[in-house]
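K.L.:
First the structure, then my questions, so here it is.
The values are calculated or read from the model by the stated rules, or taken from the named source; none is laboratory data. All values derive from a computational prediction rather than experimental measurement. Here the Cβ positions follow ideal geometry from the backbone for every residue, glycine too, while neighbour counts run over all protein chains shown. Ligands, DNA and RNA are excluded from the accessible area calculation, which covers all protein heavy atoms including side chains. Shrake-Rupley method; radii C 1.70, N 1.55, O 1.52, S 1.80 Å.
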Amino acid sequence: FFFFSYARTLDLYQARFLSSLVTVGLIFAFCPKCQTCHLNQDKLTMLLPRLNNQMALAAMLASTAGTAVAFQVNSFIPKQRYATSLQMATVNPDVVTKKEYEDICGVNFDDQSLEQRLQRTSFLYPKHVEVIEDFAPVVNEMVDDILLETGEASWQPQDFLPDMSKENWEEGVKDLREQASCIPDDVLVVLIGDMVTEEALPTYQTLLNTFEGCDDPTGTTESAWARWSRGWTSEENRHGDLLNKYLYLGGRCDMRSVEVTIQHLITSGFNPGAQKDPYRGFVYTSFQERATKISHGNVGKLAREAGDKNLAQICARIAGDEARHEKAYQRFVTEILQRDADGVIKVFADMMRGQIVMPAELMTDGKDKDLYENFSAVAQDLGVYTALDYADIIKHLVDHWKLEDLTGLSGEAEKDREYLCRLPDRYRKLAERSMNRKKKVTEDVIPTRSFNWIYGRQV
């Protein structure tokens, strides 16, 4: 109040000078360099002798008020609404306009400048980021050619389910249930596990956004990688929706237990060891998309054998999506090989010396602490996804990326290439030995497991 009353008595020169001091106060508030520089206080002290006592007091109050008000959620200055993204910042836009903030700090808040600012920050893998940015046109090609058209032209879960808005909806549900009643409990358990895995999709999109250079910093970024991430997610989202509704209408499982499992899995998260590295990320997704395709495809075959043609069709459609996505991720690694073969070979070998983490390994229903191991064992017993499939996927990737014929590598990378080329046969022998040993143990007594998903029934 004192400042605004006194300002009316100032001449033009004094007013401008006082305004400059207010700006100094704002700079102290917003500029990181000024906040840590002890010289600025000396500069302000040098200016003050030019003022008389009353004017100095007004200047200091103005500067302090400007600084304090800028950080108040509800200021004492009448509010005006600014339709800018500055409202999302920690600075009160009712006090400092977007233009004033840009003048003081040299930063604005629109999407383009935010992306540019993020691009200037340091990366853990700068060379890897440079490589994936180099083939962004290929990613755009994958978005246009691999991903299906969004909307009416694309398949939706409802295409495979009874239309509950029609008068004869009961007949559709009855037919679905009759076919679903033929599915054995062990196949049903694997189907539920696959559905739970698909429903944890938020975790997988989060993973994609951790790959350096492939993220979507604003949520609507129009970069090739951001478009791929959102498009891939929108297609994958249909899988969990469709399987969830099928199981609900089938009426043979405890949907609350299933829903608890989904929530636990999303809450627990998922760490495949990508370490924010896009190379590791795309080797992993190349592997995992193929594994998921195999699992859904085999469940579909079992469903057809049991007499559920509806479920067989559903699984075939989902497996088809996974096959398209697999093709894209493997193409990404092919492009990396053409630009940085040493780097990606080293990553691939390092990941294989460990083990590819399955996305649902932290699965739990809150009661069975070994739920994932039990689900995985049933899937292996049925031949839905086995250690042999794991070996075959490694073999497929080695062949697809033509590692046998790859030349011009460094000494270390050449050793990794040789290791990778020998690995499928070694892993297959180990898998066969393990499965034969397990078969001998269970010849007399077949172990059973109960699952809360199916009301505690044994499989």
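K.L.:
Which of the numbered conditions does residue 228 fail, given that it passes all the others? Conditions: (1) under 20 Å from residue 143 (Cα atoms); (2) assigned to a loop (DSSP other than H, G, I, E, B).
P.N.:
So the condition that residue 228 fails would be (2).
K.L.:
Which ranges mark the helices (runs of 4 or more DSSP H) fully within region 142-220 that have 3 or more residues being in contact with a Gly (Cβ under 8 Å, 6 or more places away or on another chain) and under 27 Å from residue 363 (Cα atoms)?
P.N.:
Qualifying helices (runs of 4 or more DSSP H): 185-199, 201-208.
K.L.:
Right, next: Of the residues that make up region 350-365, is at least one touching an Asp or Glu at 6+ places or on another chain (Cβ under 8 Å), open to solvent by less than 50 Å² (accessible area, probe 1.4 Å) and assigned to a helix (DSSP H, G or I)?
P.N.:
no
K.L.:
From the list 197, 233, 218, which residue is of a type outside the set (Gly, Ala, Ser) and at pLDDT below 95? Walk me through it before giving the result.
P.N.:
On the way: 197 fails: at pLDDT below 95; 233 fails: at pLDDT below 95.
Being of a type outside the set (Gly, Ala, Ser) and at pLDDT below 95 holds for just one of 197, 233, 218, which is 218.
K.L.:
Any idea how many residues of region 146-174 are over 30 Å from residue 331 (Cα atoms), open to solvent by 60 Å² or more (accessible area, probe 1.4 Å) and in contact (Cβ under 8 Å) with a residue 60 or more places away in the chain?
P.N.:
0
K.L.:
Taking the stated definitions as given, is residue 404 free of Cβ contacts under 8 Å to residues at least 24 places away in the same chain, within 24 Å of residue 259 (Cα to Cα) and part of a helix (DSSP H, G or I)?
P.N.:
Considered against the rule, which asks whether it is free of Cβ contacts under 8 Å to residues at least 24 places away in the same chain, within 24 Å of residue 259 (Cα to Cα) and part of a helix (DSSP H, G or I), residue 404 comes out as no.
K.L.:
Could I ask something else about it? Take residue 345 and tell me if it is open to solvent by less than 10 Å² (accessible area, probe 1.4 Å), touching a Lys or Arg at 6+ places or on another chain (Cβ under 9 Å) and part of a helix (DSSP H, G or I).
P.N.:
Yes: the conditions hold for residue 345.
K.L.:
State the number of residues belonging to region 292-312 that are touching a residue at least 24 places away in the same chain (Cβ under 8 Å) and over 28 Å from the mean Cα position of the chain (by Cα).
P.N.:
So the count comes out to 8.
K.L.:
Has region 421-435 got at least one residue that is touching a residue at least 60 places away in the same chain (Cβ under 8 Å) and of a type outside the set (Ser, Thr, Tyr)?
P.N.:
Yes, region 421-435 contains at least one residue that is touching a residue at least 60 places away in the same chain (Cβ under 8 Å) and of a type outside the set (Ser, Thr, Tyr).
K.L.:
Is it the case that some residue within region 239-255 is touching a helix residue (DSSP H, G or I) at 6+ places or on another chain (Cβ under 6 Å), without any contact (Cβ under 8 Å) to a residue 24 or more places away in the chain and not hydrophobic (A, V, I, L, M, F, W, C)?
P.N.:
yes
K.L.:
Here's something else I'd like to know. Go through (1) surrounded by 13 or more Cβ atoms within 10 Å (Cβ to Cβ); (2) modelled with pLDDT of 60 or more and name the single condition residue 75 misses.
P.N.:
That leaves (2) as the condition not met.
K.L.:
Read through the list (1) closer than 25 Å to residue 353 by Cβ; (2) open to solvent by 20 Å² or more (accessible area, probe 1.4 Å); (3) touching a helix residue (DSSP H, G or I) at 6+ places or on another chain (Cβ under 9 Å), then give the number of the only condition that residue 227 fails.
P.N.:
Residue 227 satisfies all of (1) closer than 25 Å to residue 353 by Cβ; (2) open to solvent by 20 Å² or more (accessible area, probe 1.4 Å); (3) touching a helix residue (DSSP H, G or I) at 6+ places or on another chain (Cβ under 9 Å) except (1).
K.L.:
Which pairs turn up if I take residues in region 260-272 that are farther than 19 Å from residue 355 by Cβ and look for partners that are among the hydroxyl-bearing types (Ser, Thr, Tyr) and in a loop (DSSP other than H, G, I, E, B) with beta carbon separation below 8 Å, at least 6 apart in sequence or on another chain?
P.N.:
Qualifying pairs under 8 Å: 261/364; 264/364; 265/364.
K.L.:
State whether the residues of region 168-185 include one that is modelled with pLDDT under 95 and either touching a helix residue (DSSP H, G or I) at 6+ places or on another chain (Cβ under 7 Å) or among the polar types (S, T, N, Q) (or both). Give the derivation first.
P.N.:
Step one: of region 168-185, the residues modelled with pLDDT under 95 are 168.
Filter once more, so that each one left must be either touching a helix residue (DSSP H, G or I) at 6+ places or on another chain (Cβ under 7 Å) or among the polar types (S, T, N, Q) (or both): 168.
Yes, the conditions are met somewhere in region 168-185.
K.L.:
Give the residues of region 238-253 that are open to solvent by 40 Å² or more (accessible area, probe 1.4 Å) and at negative phi, sorted by residue number.
P.N.:
241, 245, 248, 252
K.L.:
Right, another one. What are the pairs with Cβ atoms under 6 angstrom where one residue, in region 313-330, is open to solvent by 40 Å² or more (accessible area, probe 1.4 Å) and the other, located anywhere, is not in a helix (DSSP H, G or I)? Sequence gap at least six, or different chains.
P.N.:
What qualifies is 324/146.
K.L.:
Does residue 428 qualify as being farther than 26 Å from residue 204 by Cα and either crowded, with 17+ Cβ neighbours inside 10 Å or in contact with a strand residue (DSSP E or B) (Cβ under 8 Å, 6 or more places away or on another chain) (or both)?
P.N.:
So residue 428 passes the test.
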